[in-house]
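The values are calculated or read from the model by the stated rules, or taken from the named source; none is laboratory data. Owing to the predicted nature of the structure, the values given are computational and were not obtained by experimental measurement. Here the Cβ positions follow ideal geometry from the backbone for every residue, glycine too, while neighbour counts run over all protein chains shown.
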Amino acid sequence: MSNVKEIPADNLLNKKTNGADVIGYCCMRFPVTDLKKSIDFYCNVLGYELFSADYSFGEAHVGLKNRNGPGIFLMETKPDDITQLKFVFPRSFFVTNSTGHVTMVELLTNDLLALHERIKQAGAHIDNEPVFTNQFGYFTFYDPDGHYIRAVEERGVFFDLQRRMSSTLKRDLTEHENQLLWGLCENASDEQQKFLSSIISEIRGS
């Protein structure tokens, strides 16, 4: 019999007694079998920047060139000790592979088709070819150690206006502003959306 005391879910929801919150991410750690090969893939294929590497220790630190988000530590280990970053989701989901696995890592790119071509040229396994919707495009692939990854490019009027407004204001939009913009774009006709884009372009040019 387990000695772990179960805490009712209602109690867990009321446990916050001070202002402490998780406010960001420090880093991620990916297990790899060949450190040099993984550095080449993440830096020369995916476009990460190499911050540091200790080949004798078996660890490298890579991150986005714009320094946004957490860095990734590639950590070399034995093949039998690799746990691939993917899992089976028991219900219907739009991003799964042929065995029902879901990606645990999703990367944002500024050019989906160009990235897809570079990954394909590198000989990596492409699982699903690029798919485009009104708002975004994506495809899934595997890194050299079988980690299942989805690449995403944001598209559509909302994301275009969001980028233009952030550039004009020289700051990120607040959550409330994003919600207002999303509602505006969702309900606007194509002609109205083009008008919004033209107004913001004029503001940027003035």
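Among residues belonging to the stretch 30-69 that are modelled with pLDDT under 95 and loosely packed, with under 13 Cβ neighbours inside 10 Å, point out the one that is nearest to H116 (Cα to Cα).
Of everything passing the filter in the stretch 30-69, K65 is nearest to H116 (Cα to Cα).
If the Cβ limit is 8 Å and pairs must be 6+ apart or interchain, which residue in the stretch 167-186 that is loosely packed, with under 14 Cβ neighbours inside 10 Å pairs with which residue that is among the hydroxyl-bearing types (S, T, Y)?
Filtered contacts from the stretch 167-186: D172/S166.
Do we have any residue at all in the stretch 194-205 that's in contact with a Ser or Thr (Cβ under 6 Å, 6 or more places away or on another chain), of a type in the set (A, V, I, L, M) and either loosely packed, with under 14 Cβ neighbours inside 10 Å or at pLDDT 65 or above (or both)?
Kept after step one, since they are in contact with a Ser or Thr (Cβ under 6 Å, 6 or more places away or on another chain), are these residues of the stretch 194-205: 203-204.
With the extra rule that they be of a type in the set (A, V, I, L, M), the set shrinks to 203.
Imposing the further condition that a residue be either loosely packed, with under 14 Cβ neighbours inside 10 Å or at pLDDT 65 or above (or both) reduces the set to 203.
Within the stretch 194-205 (the criterion being in contact with a Ser or Thr (Cβ under 6 Å, 6 or more places away or on another chain), of a type in the set (A, V, I, L, M) and either loosely packed, with under 14 Cβ neighbours inside 10 Å or at pLDDT 65 or above (or both)), the answer is yes, since at least one residue qualifies.
Got a number for residues in the stretch 57-110 being assigned to a loop (DSSP other than H, G, I, E, B), touching a residue at least 40 places away in the same chain (Cβ under 8 Å) and over 15 Å from F141 (Cβ atoms)? Give the steps one after another, and end with the answer.
If we filter the stretch 57-110 for residues that are assigned to a loop (DSSP other than H, G, I, E, B), which is where we start, we get 57-58, 64-70, 77-78, 82-85, 89-100, 104, 109-110.
Checking which are touching a residue at least 40 places away in the same chain (Cβ under 8 Å) leaves us with 69-70, 77-78, 82-85, 95, 97, 104, 109-110.
Those still in the list that are over 15 Å from F141 (Cβ atoms) too: 69-70, 77-78, 82-83, 110.
The total comes to 7.
What residue, among those in the stretch 19-49 that are among the aliphatic types (A, V, I, L, M) and assigned to a helix (DSSP H, G or I), is nearest to the chain's Cα centre (by Cα)?
Here the answer is V45.
Got at least one residue in the stretch 111-125 being under 20 Å from G47 (Cβ atoms), in a loop (DSSP other than H, G, I, E, B) and either of a type in the set (D, E, K, R) or within 14 Å of the chain's Cα centre (by Cα) (or both)?
First, pick out the residues of the stretch 111-125 that are under 20 Å from G47 (Cβ atoms): 111-125.
The next check asks that each one be in a loop (DSSP other than H, G, I, E, B); those that pass are 111, 122-125.
Then keep just the ones that are either of a type in the set (D, E, K, R) or within 14 Å of the chain's Cα centre (by Cα) (or both); that gives 111.
Scanning the stretch 111-125, I find at least one residue that is under 20 Å from G47 (Cβ atoms), in a loop (DSSP other than H, G, I, E, B) and either of a type in the set (D, E, K, R) or within 14 Å of the chain's Cα centre (by Cα) (or both), so the answer is yes.
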